[in-house]
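One structure is given below, encoded as structure tokens.
The values are calculated or read from the model by the stated rules, or taken from the named source; none is laboratory data. The shown structure was predicted, so the numbers you read here are calculated from the model rather than taken from an experiment. Positions of Cβ are backbone-derived with ideal geometry, glycine not excepted, and every protein chain shown enters the neighbour counts. Ligands, DNA and RNA are excluded from the accessible area calculation, which covers all protein heavy atoms including side chains. Shrake-Rupley method; radii C 1.70, N 1.55, O 1.52, S 1.80 Å.
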Amino acid sequence: MVDIDVDTEIVRIASPVLLRAAELLNDVPAGLGIADAQGRIVWRCLSDPGIRRRLDAVPIHPGACFDEELVGTNGVGTALASRKLVTVVGADHYVEEFHHWACVAAPVFNPHTRRAVGVVNLACRIGHANHALGAVILSVADAVTSRLVESETHEERTLYDAYVVARRRTTAPILVVGERMMIADDAAGSWGLEHHAVWALACATDPGNDVSLGQGLLGRVHPIAGVQGALITLHPETEAAVIPTRVRSGWGPLETAEAEVIAATLAACDGNKSATAVRLGITRATLYQKLRRYRIGAPGPTPLREQA
């Protein structure tokens, strides 16, 4: 028996996998559920219809939220928080109503962004729990991830490919954004930028121009050929380096952005190259190579200027 709550991508992709798993659990009365990235159960199926009433009474049903901050230790919320398979049995649950239950859950990640897109969870009475259930849920999570890859659109693949190419060519913080997804490296991700807000700003900005992203951050927008998407290189709104036109002759937009980020970071570190390398996440040797390549010297009280 199946309960459908909302028609979302994670439900469409994961529900057939959980239905097959439920068929293999005839000797284990259990509820198999899909939760979204916020820990809310959005879909459920039962290996045995007789367990429905007990699950509903706990409640473990579509619409219930198991965010760990709200209900403490539990399968769904703790799997999201720890980003790994978890088994929570009996009194390990924070909420007393769950003390007669065992929950096994595993997060499902977007294969490119590595952000959690949901959780698959199995809930059964303690007496029916066994070590094999962990392997079952891990197999389910792997199968759902494979289906996510298979369901990728041309646009999603193109955006990811653009990110990979850009990441290899520059040490500047970057992100790639489209209508349905945003991919950010660690440096860009640390700013906590919101996908839909960045997408709206990218759509409203002319190619090659900077857009203010708040928090003293600018993003230079570069359209991605063939799809509705943009590569955005990030740099500080203040202490931005002025790279002379003659020096940057022949550079592409990524090289220009990288040079500006390196120069601004060097200035922010008062010319300390070791600190600059650490902040950029590169080795000192790599930093020296890039300083020579971009003809960036130790910062003075004025921006970089044309050499005589």
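General observations
- Sparsely packed loop sites in the range 248-293 (the trypsin sites (Lys or Arg not before Pro) outside DSSP H, G, I, E and B with at most 16 other Cβ atoms within 10 Å) comprise 248.
- C-alpha center-to-center spacing [the range 70-87, the range 142-199] in angstrom: 25
- Amide H partners (placed H, <5 Å) of residue 191, local residues excluded: none
- Selected from 81, 129, 71, residue furthest toward positive end of dipole (the range 69-149; charges at beta carbon): 81
- In nm, spacing of pseudo-spin labels at residue 272 and residue 203 (7 Å Cα→C-beta vector): 4.4
- Positive-pole candidate from 60, 42, 29, dipole of the range 29-70, charges at beta carbon: 29
- Within the chain: Cβ-based charge dipole about Cα centre, in debye rounded to nearest 20 (Lys, Arg +1; Asp, Glu -1): 1280
- Residues in the range 165-180 carry Karplus couplings, in order, of 4, 5, 4, 6, 9, 8, 9, 5, x, 9, 8, 10, 10, x, 5, 10 Hz; the curve used is 6.51 cos²θ - 1.76 cosθ + 1.60 with θ = phi - 60°, and Gly or Pro positions show x.
- Global geometry of the range 1-127, whether rounded, prolate or oblate, following the gyration tensor of its Cα atoms and the 1.5 cut on a/c: oblate
- Shape summary of the range 106-258, radius of gyration then Dmax from alpha carbon positions: 19.8, 75 Å.
- Extension reserve of the residue 26-residue 67 stretch, reckoned as 0.36 nm per residue once the Cα distance is removed: 11.8 nm
- Two-site FRET efficiency, residue 126 against residue 279, from Cβ-Cβ distance with R₀ of 45 Å, rounded to 0.05: 0.35
- For the range 91-182, carbon and sulfur atoms together expose 51% of the accessible surface, with a 1.4 angstrom probe and every protein chain in place.
- Remark: the range 68-116 carries a charge dipole of roughly 440 debye about the Cα centre, counting +1 on each Lys and Arg Cβ and -1 on each Asp and Glu Cβ.
- Residue among 272, 196, 232 farthest towards the positive dipole end of the range 147-282, charges placed on Cβ: 272
- ³J(HN,Hα), Karplus 6.51/-1.76/1.60, whole Hz, each residue of the range 75-84, x for Gly, Pro: x, 5, x, 6, 5, 5, 5, 8, 6, 7
- Each of residue 52 and residue 194 was given a label point 7 Å from its Cα along the Cα-to-Cβ line. The distance between the two points is 3.9 nm.
- Dipole magnitude of the range 1-135 about its Cα centre (Cβ charges: Lys, Arg +1; Asp, Glu -1), debye to nearest 20: 320
- Label corresponding to semi-axes √(5λ) of the Cα gyration tensor in Å when calculated from the structure given, among (i) 39, 20, 17; (ii) 38, 24, 18; (iii) 49, 20, 15: (iii)
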